[in-house]
Structures are given as C-alpha cells and as structure tokens.
Amino acid sequence: MISAVQLSAEVLAVEVPYWGQSLLRVLGGIVAVLLPAGTIVYVFLFKMMSFMQSRLGPMEAGPYGSLQLVAEVGKWLQKEDILPTRADARVFKMAPIVVLVSTFLLVAVVPFGPDAWFTNFEAGVFYALAVSSLSVLGILMAGWASANKYSLLGGLRAAGQLIAYELPMVLAVIGVIIQAETMNLQQIVLAQNTGSIFGFDGLGNPYVLTQFVGFIIFMIAVQAELTQAPFDMPIAESELVSGYMTEYSGFRFLIFFIGEFATAGVFALIASVLFLGGWGIPFAWFGWTDIDVVANWMNLVGPVIMITKMMLVAFIIMWVRFSYPRFREDQLQRFAWKVLIPLSLANIAATSIFKVVM
Amino acid sequence: MSITDRVLGDRQRLAYIASQAADARLNVELETEGMTLNIGPQHPATHGTLRIIARLDGEQVVWAEPSCGYMHRGYEKLAEVRTYPQVTTLVNRIDWLGSFANEVPFILAAEKLMDVEAPARAQHIRTILFELSRIANVSLFLGDLGVQMGAITPVFFAFRDREYVLNLIEGATGGRFHPNFDRIGGLKDDLPKGWIAETKAVMKKLRTFCDQIEDLLFGNEIFQSRTRGIGVIPRDVALQYGLSGANLRASGVDWDLRRDHPLPMAWNKADWKVWTHPDGDSFARCWIRLQETREATKIVDQLIDTIPSGPIMAKVPKIIKVPEGEAWVSTENPLGEMGYYVVSRGELGPFRVKIRSASFNNISIAPWVLRGVYVPDIVTVLASLYFILGDIDR
Amino acid sequence: MKAALGDRVVDSFHKDDLWLRVRTDAWKSSMRTLRDTLGFHYFSFLSAIDWMPSPYGRGEDDPTEPPPVRDTTIRPGYAGGDTRMQVFARVGNPVSHVSVIVKVDVPDAQPTLDSIHDVYAGANWHERETHEMFGINFAGHPDLRNMYLPVDFEGHPLRKDYPLLARMIKPWPGIVDVEPLPGGSEGGDDE
Amino acid sequence: MKGLGVTLGTLFETVTKGANTVQYPHEKEAPPTRARGVIALHEGNCTSCMLCARSCPDWCIYIEGHKELAPPRREGGKPRQVNKLDRFDIDYALCMYCGICVEVCPFDALFWSPEYEYSEPRIADLLHDMSKLGEWMETVPEAPELEAGADKKKK
C-alpha cells in the first residue's frame, strides 16, 4: 500500500515531512466534505428544485445565481445567535458540532484514488456505519436542549426514525461485504472494478447490478438517515415548524445546514463507493489487474469520477425529496421494521447462497 | 379513473371503527401526565390565524379545541352602517380566495328584496366568474394540500396555473382578489375584447394542471396512506354540525345548492356532474374537490360558448333604496354553503346582515374529529376540511 | 308542517322561503320534532336580530347641525314578534332539500333561551357567538365562553345601542364644506 | 411512482421552454388595461360636489373647495359662480381600491389607471394630493372595446 507520503513525493516531487502530510490530509478532508456539500446545495437545492417547479431559482446573486450560496452563508453569519433562556446552554451549543463531527469522521474512510485516501482501515465499512449513527446523538441533544415543545417532539421522532433505519442500512451493506469478501473500502472498489459478471468483464462488476435490492434498501435508508422528504418527520415544517432546529439561528443553524447537506454528500460518496465502483473505471479497459499497477494519473482523475458518481446518487436522493409527501411516523416505523429489514435479510441469504454456489 | 373503481364498500365502517377505537385506547393506557401543545396563531399549518389548543398523550391528541377570534373584523356590525354598494366591497373580503363568489349571494338577496332580475347576459357572466373564482380557490387548496403533507412541488404548480385564472379575473373586473364587479341588477361592465378566447386557452391549462396534481399527489402511495381512513366524518354527524360543500358530499350526502336550489344564475344551462364519495375520510374530501375543479372547467367551457347578447345591467335607479323585508340566499361557494340573511328597512343600507360562512361550521366539527388522532394528522384533517380564516372569524 | 308542530307555531310567513315563529318555551321541543319527525337533520346556522333601530345612524351626521331625530319604534320583521330581540335558526332537510327558518322571541327582561346543542351539535359554537354578540345566554350550554372577543370584553357589540367606535372618533370627510362666496353672492346662477 | 415522472417532466419542460416566472426588476408584466392600480383626477371636471367623498366606505377622500366667480361663458352673460378645488387628497393607506368613487362621480373627474409602482418608504407619503393625482392622468388607458354581443353602452 503506497501511503500518502509516497503519493505526495512522486506527484509533487517534494519530500513532505510527517506533520505536512497530516496537514494535507486535514485540508483534503475539509475540502472533501465542504466541496460536495456546496455543489449539492447549489445545483440541487437551488437550481434543480426550482426547475422542477417551473421557476428559475435564485438569479440575482452572481451570474445565473452562482454566488447565492456565498450570500446565504453571509446572511447566516451576521444573524444573531439566539440562545433561548430556559435552554440547556452547554448541550445546546454542543449539538450542531456533534452532527458535523460525525460527517467529517465519515469522510475520513472514503477512498478517492489508488493512493489518494485518508485512512485505509481494514474494517472501513464497519467504522463508517458506526460513526454515521453518531448524528442521532447530536439531533437528540438539539431537540432536548432547546426547551421547546416542538423541538422535543422533533428530536424524539428523529431518534426513533434514525435508529429504525440504521438496521436496514447495515443489513444492505452486508450483502456488498459478502460479495467483496472484505470490509476495506479500497478493496471493495478494487473488487468491483476487476470482477466480471458471468465471464464478461468489459464492465467490471459494480454491485448496483448484482446487489440491486441492497442498493434500493440502502438508498431508502440513506433518505431516512438524512431526514429527507418522504421521511422528514423530524423537520416537518407544516407541523413542527422545523423540528429540532427550531430554536437555532445564525452560525449554529449554518452548521446544521452544512451538516445536513455534507452528510447527504458523504452518504452519496459512500453509496457510489459501495455500489457504483468508487473512483475506478473498469480496469479491464486499461489492462490493469491489481491496485499497484494502476497508473499514477488515476490519483487526479479518481476524485473527478467520484464527484460525478456522487452527483448521480445525490440527484436520485433530491429527486425523490422533491416529489413525495411525508410519511406519518408510525407508518414510517412500520415500513422500516416490517418491510425493509425482512427484505434485506432475504437479500443477504440470496447473496450468500449465490456466493457459495458460484 | 383508477382510484374510484377500487372497491370502497365497507371502507367507511372500517375507518369509523378505527377512529372510535382510538377513543377506547386513550382511557385504557397508563395515565401519563399529558402535554398541552399550543398550535399557535402563527403556525404554518393554519390558513391564517387559527389557534388550536391540543392536550397530547405522547403523540396522540386527547382533546383539541380551536380558538378563533384573532381575525374577527366585525363584518356584521360594519355592514349595518354601510350602503349596499359599500357592503359589496366589504363582503368580498370574507373568503378572500374565491372573492367573486362572496358577492353573488349578497347581491342576489338584495335583488330578491327588490324583486329585480339581472338580464340573461349578466347572469351568464356572473356564473362564469363564479366558477372562475371557484377554480382559483380550489386550485390553491390542491397545491396547499401537498405542502401540509410535506411535498414541496405541488404548491408551485398550483400557483403557476392559478396566475392565469387571476389574470383573467383581473382582465374582466379590474381587481385580482377583490373584483367588486357585482351590482344590484347586473354587473358593472361588460367583458373586454378577446376575453373569451383567452378563457378557453386557460381552461385547457387548468385541466392539465388537474391531471398533474392527480399523478403527483393523489396517485401517490404515501399520500393515500396518510389520508385514507383519517378524520372520518359519518353522514349524520356531518349533517348535525352543518358541514357543507365538498365535506358534506364526501360523507355521502348528495346536496349541491347549484343544482337543488333554483337561483337566477346560469348553472342549469350547463350539464355537469355532482360528485359524492361514500368514505367521508380526508382522502374523499380532497378527491371530491379535485373532481369539482374539473367540473368547474367544464361548466366554464360550456357557458363561454353560449353567452347571450344584450344589456349587462337591468333598469335600476342610481340611488338604491331596497324596500322593507327579509331575504335569505345561499350559494355553493368553493368552501361550502355561504349565505346572507339580509334584513332591510327601506334605507340606503341593510338593517342587519347575518353572514353564514361555510368554514365556521366546517371547523366547529374539529373538536369531534380530532379526538384520538396523531399530531401530524391534525394538519391532514384540517387541510382536508379546508377552511379560510376570514370565513371563520368574519 | 303545521300539523306536526301543532300549537307551538305562533305565526308563519311564506315568500319563496318559509319562516316559522315558535313560542319561547316550546323552542327546544319544536326543534327536536323538526329534526326527528320532519327529517330536518341539516343544521345551517343560528343567530339573533336586535330590532331596535340604532340611535347613532350611520355616523355620518354633520356635527354642526342638531342631531336628526330617529324613530326608535321596535317593528319586528316577517312572522311578527313582540320583543326587542329574536333568535332565529335555519335547518334543512338533506333529502328533500327544503329549509325552514325558525324564529323565537327572547324575553326582554332577562334574555335567556334553552340551548339546543344536544338537538343539533353544531349549535354549540353558534350559541356561543350569539351569546357574546347579543348577550342572550343559553340555559344548559356546556361552556358559554366568548367565541371571538377577548375574555374580559364587556358589552355586546351587535346590539344596536352599542356604538361603532371607528365612526365616532373620526369626523366624516363627506361633510360639504365649500365656503360660500366672500361677501354674499351677486346672484350668479350656480352651475 | 407517477409523481416522479411529473417532476422530471417539469424539469425538462422548464429547461427547454423557460420558466413561468418573470424576473421582476428587469422584465415587468404589463397589467391588463382595466386593472385598478391608482385613481387619477381630472381637475377640470371636478366641481367638488363631494359625492365621491360621501360614498367612500373607508372615508379616505378629503375635499375642500371654495366658491369663485368665473368669466361668463357668453360675452354679455353674468359671471358664473363656480366651485374651485382647494384640496383633493386620497389617502392610499386607507383606500381599498373598490372603485365606488370612480363610478359615482357624475362629472367623470376620476379615472382608474393600472399604474402600481408608487410604494413609499413613509406611510404619510401615501396621501396623494391634487397635483400627484393629476400626474396619474396620462397613465389612464383608453376604454377597451367590449366583447362581441355586448350592447353599446353610453359610457
């Protein structure tokens, strides 16, 4: 495994000391989280949503509305940061940070290229799923601390929903792990790009084809994790005003807003790694057989491919978000326990039988 | 119609038992100290300033009671000090979405007292504008229904197509929301040139809008699971509370004032269908309103082609003194049955005007229907009852 | 209709709508018979009328001239009536689509009437509104709180002797104040 | 599932055929000729008969005038006594655009003009005086011809 040090040595042809390398990783991490969040917000939330509703969306800030995001951030920064009197101050301040931290931890494990990765855990997938349930804590803290009946209701609903949808997400991912026989994300990407379906290896073996049921369950579970439209009971504007985020304003709300869309971006990244073959193009086209053989320019092209796949997955998430009404939370729970979990168990059984037979 | 041909037979009984069972469940559960949630006057789900005080047990509503009065403008007192033309400007601000539809019953009541009849052409144009304001009102309901349920997109479709109708009304009457176009004995002016052709084009757009909303919302599984069997109002309770309009027809009562109550208007000249639905739940109410919008476009299409020529205003003295007497006229407004009980003493203005607005009765059933319902369903049931605050508080 | 209600109907009037006036003490029983025997299940509305003409007029009299004299005779409307305040309700038959307006006198001394909220559940809110607007209290009504007005509002706005303040404070701009020609008119004909 | 089709369809429709919204500060939508935007006063016709002020439901028209001698119409005739307007204000903060004054005016002094951009930072400026109302006169459009089948009315 070439570590990032060699990567920077060869590509940048300069010897980067250890502290330089970790600085590089931290900056890379922030960029890898904020960049997709920003593009998703702008492209989908502002532009695509308005096009779907036959209007043009923000046009004033910058040419064709491109600087709208900067305007929004500016607006929130100069808004007053209200702390409700009876709120539990410390927990109230901590909540948005916890939600954002879980996103940054999540992105640390996503590979962007043969050498361009932050950490290369053996148990990458396990770590990712464990960390993603951290945001539930943040939301509960926000709901409880803002001492407001609506946010309390929102927080409790969020807790129930997120936990109910952790399970199908994990079970859907197990199908992928069985097929790739590894938990290391880098290896999963490798398996997808070098594998072959019934001998035809021109397209590699992206798990979205063989694991289609797993992909559907994973997408639904991600939609619920992000509290997006069909599952946005916690932030149900027409009942709970805006759920656990009601009392937040100014910079803290900005963190929540970034958190929400950064998590959407990172989950889309993970979905594209697990199901769409991550940063790789099917290796058969280039005659590569193993990870060391892959050409160096792949470290630069890899992130671009990842971003396009992420935009594809995010398009699906947002598209569903804009055209579906909201579940009631008891239907939501019933849908999770009675439909998704049995389906994912069946998927695991089928994959394992298929694995053994093949 | 895929939805109607599905078997709806015993659904009403099933849903009714479910909502009654909610009552039983409530007093059986362990007695936890309930939380009083105050869905306050500025809540996004209320069309205006309605406050609902709900006592919750967890997510379930034990007792809910709307408290209105935040929007009370005292119309009945104001009407006593105004002359007849001034009251028509006052009156179209009660149900501000379908505002031309408010003026018509008041003017008909005054005409009944003076036993003057508007010429055929005026009656025709009045009916067309009445149906146009119905479309403007109910199309916003269809869009707003989506927002109450969380779907963001339908509301933009509704506003986009509603703009065409509002431009039509403004073209003919001068005011988008408050036309003030009706006069005792006829209308203020005639239609501008090219208005008829424009209306036909807009009606086609409206029909595609209805299909789009049907696909986007009504065909949606989540929407159906959110509204079927929720907020069931059986027939006799609906009658006792005086529900009217789509809410009454959704509980299976075949009563439409346009057809059953003869008025000097042109409804009988067009053939259209009155839709009823046996279920009486939220879905039935919303579905009936969608069909009514389609019927309204059909009515307008038929009437547009057969407008008789002739005067627009009957022979009426310039200063109107309505002879002594009492009259009651009610028409099928977009929200329900809206009626005016005008008592006149022969002066310039009415002596007493009792305004019977549809939403006041539609909401008086809320405490009964909201018992044992979940918190998100409060919004669903109120959205399907479809009230406008000006109507309740007058 | 008269057969079923019998002697409770005091007076009736018919002009393309039907008005009935019922004896005050027979108000609840007649509503019950209307609903049960004659099938008038649909409750449309209930309200009251104060027949005394308002002493303030339309607030449009010229403050300079002496206030005009106004007749304060109490003349009831259709189907007669001899008290100042009358409660009237309208109920309909959903099958035959016929509706009737039932009137009843409210004794002037202490305006009370027994509530019909158990006959027609919808009457609950209407009675609360009539109570706060006219001061008629309904015996047997579960909670006669104010419907629209704040809890501590005294006075009953829809009574004719309750002044409409908006028109009291502001002088009426419609008063003609075109001063005459200085030094009298030289007989020019006013166009 | 059909819902997804509708939203996607609208997406392509908006991209191809352009959205329904109008970018207000740059493009402006012309209101129909009969729109009731603002009331314009034709001073010459007004004889301060106060009919409009009397019939306004909101009491928002304030008129003061005085009598004056005007030159006779025919040379030998007596000087005419004519009402001259001193003050004719319409308070647009109170006005509810009902149009009764325009209709009730016997001398055709008041007209509707579809102008709608006269918002003011201070509410007191909404009290338009005689000269301001005069300025609106040239924005008053021609009366639109009527739909076929309408009999020709005098006005």
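The values are calculated or read from the model by the stated rules, or taken from the named source; none is laboratory data. This is a predicted model, so every value here is computed, not measured. For neighbour counting, all protein chains shown are included, and Cβ atoms are generated from backbone atoms with ideal geometry for every residue, glycine included.
For region A:96-127, the set of residues classified as at pLDDT 85 or above and of a type in the set (Gly, Ala, Ser) consists of A:SER102 only.
Do we find a residue being buried (at least 17 other Cβ atoms within 10 Å of the Cβ), outside any helix (DSSP H, G or I) and within 11 Å of chain D (Cβ to nearest Cβ) anywhere in region B:229-247? Within region B:229-247, none of the residues are buried (at least 17 other Cβ atoms within 10 Å of the Cβ), outside any helix (DSSP H, G or I) and within 11 Å of chain D (Cβ to nearest Cβ).
The residue of region C:145-161 that is nearest to the chain's Cα centre (by Cα), among those that are of a type in the set (A, V, I, L, M, F, W, C) and exposed (fewer than 15 other Cβ atoms within 10 Å of the Cβ), is C:PHE153. What residue, among those in region B:69-93 that are in a loop (DSSP other than H, G, I, E, B), within 22 Å of B:LYS112 (Cα to Cα) and not polar (S, T, N, Q), is farthest from the chain's Cα centre (by Cα)? Applying the filter and picking the extreme gives B:VAL81. Any chance region B:258-270 includes a residue that's part of a strand (DSSP E or B) and over 21 Å from the mean Cα position of the chain (by Cα)? There is no residue in region B:258-270 that is part of a strand (DSSP E or B) and over 21 Å from the mean Cα position of the chain (by Cα). Got at least one residue in region D:141-150 being at the interface with another protein chain (Cβ under 8 Å from one of its Cβ atoms) and under 20 Å from D:MET50 (Cβ atoms)? There is no residue in region D:141-150 that is at the interface with another protein chain (Cβ under 8 Å from one of its Cβ atoms) and under 20 Å from D:MET50 (Cβ atoms).
Annotation: of all residues in region D:114-149 being in a helix (DSSP H, G or I) and among the β-branched types (Val, Ile, Thr), the one that is surrounded by the fewest Cβ atoms within 10 Å (Cβ to Cβ) is D:ILE123. Tell me, which residue of region A:267-287 that is aliphatic (A, V, I, L, M) and within 16 Å of A:GLN186 (Cα to Cα) is farthest from the chain's Cα centre (by Cα)? In this case the residue turns out to be A:ILE281. Would you confirm whether any residue within region B:52-71 is out of contact with any Lys or Arg (no Cβ under 7 Å at 6 or more places or on another chain) and within 22 Å of B:PRO179 (Cα to Cα)? Within region B:52-71 (the criterion being out of contact with any Lys or Arg (no Cβ under 7 Å at 6 or more places or on another chain) and within 22 Å of B:PRO179 (Cα to Cα)), the answer is yes, since at least one residue qualifies. Working only within region C:28-50, note down all residues that are buried (at least 21 other Cβ atoms within 10 Å of the Cβ) and either in a helix (DSSP H, G or I) or of a type in the set (Phe, Trp, Tyr) (or both). C:SER30, C:MET31, C:LEU34, C:PHE40, C:TYR42, C:PHE43, C:PHE45, listed by residue number.
A count restricted to region B:172-219 and to residues that are assigned to a loop (DSSP other than H, G, I, E, B) and either of a type in the set (Gly, Ala, Ser) or away from chain D (no Cβ under 11 Å) (or both) stands at 6. Here B:CYS68 clears all of (1) within 14 Å of chain A (Cβ to nearest Cβ); (2) modelled with pLDDT under 85; (3) closer than 30 Å to A:GLU329 by Cα except the condition numbered (1). Among the residues of region B:151-158, not a single one is of a type in the set (Ser, Thr, Tyr), away from chain A (no Cβ under 14 Å), in contact with a helix residue (DSSP H, G or I) (Cβ under 9 Å, 6 or more places away or on another chain) and assigned to a helix (DSSP H, G or I). Out of curiosity, is A:ALA224 within 14 Å of chain B (Cβ to nearest Cβ), crowded, with 21+ Cβ neighbours inside 10 Å and at pLDDT 80 or above? So A:ALA224 passes the test. Whether a residue is under 30 Å from D:GLU27 (Cβ atoms) and not aromatic (Phe, Trp, Tyr) was assessed, and A:VAL41 passes this test. Selection of strands (runs of 3 or more DSSP E) fully inside region D:17-113 by the criterion of at least 3 residues being within 14 Å of chain C (Cβ to nearest Cβ) returns D:61-70, D:80-91. So for region B:96-104 (the condition being within 13 Å of another protein chain (Cβ to nearest Cβ), assigned to a helix (DSSP H, G or I) and at pLDDT 85 or above), does at least one residue qualify? Among the residues of region B:96-104, at least one is within 13 Å of another protein chain (Cβ to nearest Cβ), assigned to a helix (DSSP H, G or I) and at pLDDT 85 or above, which makes the answer yes.
Listed by position, the helices (runs of 4 or more DSSP H) contained in region A:113-184 that have at least 2 residues being over 30 Å from B:ALA54 (Cα atoms) and among the β-branched types (Val, Ile, Thr) are A:124-132, A:149-180. Across region A:245-290, the number of residues qualifying as under 17 Å from A:VAL304 (Cα atoms) and surrounded by fewer than 20 Cβ atoms within 10 Å (Cβ to Cβ) comes to 2. Counting the residues of region C:90-139 that are part of a strand (DSSP E or B), farther than 18 Å from B:SER357 by Cα and not β-branched (Val, Ile, Thr) gives 8.
Residues are listed down the side, and each one gets a yes or a no for (1) assigned to a helix (DSSP H, G or I); (2) at pLDDT 80 or above; (3) surrounded by fewer than 19 Cβ atoms within 10 Å (Cβ to Cβ):
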residue	(1), (2), (3)
A:ASP292	no, no, yes
A:THR308	yes, yes, yes
A:ILE316	yes, yes, yes
A:LEU332	yes, yes, no
A:VAL339	yes, yes, yes
A:LEU345	yes, yes, yes
A:SER352	yes, yes, yes
A:LYS355	yes, yes, yes
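Of the residues making up region C:17-27, not a single one is modelled with pLDDT under 75 and part of a helix (DSSP H, G or I).
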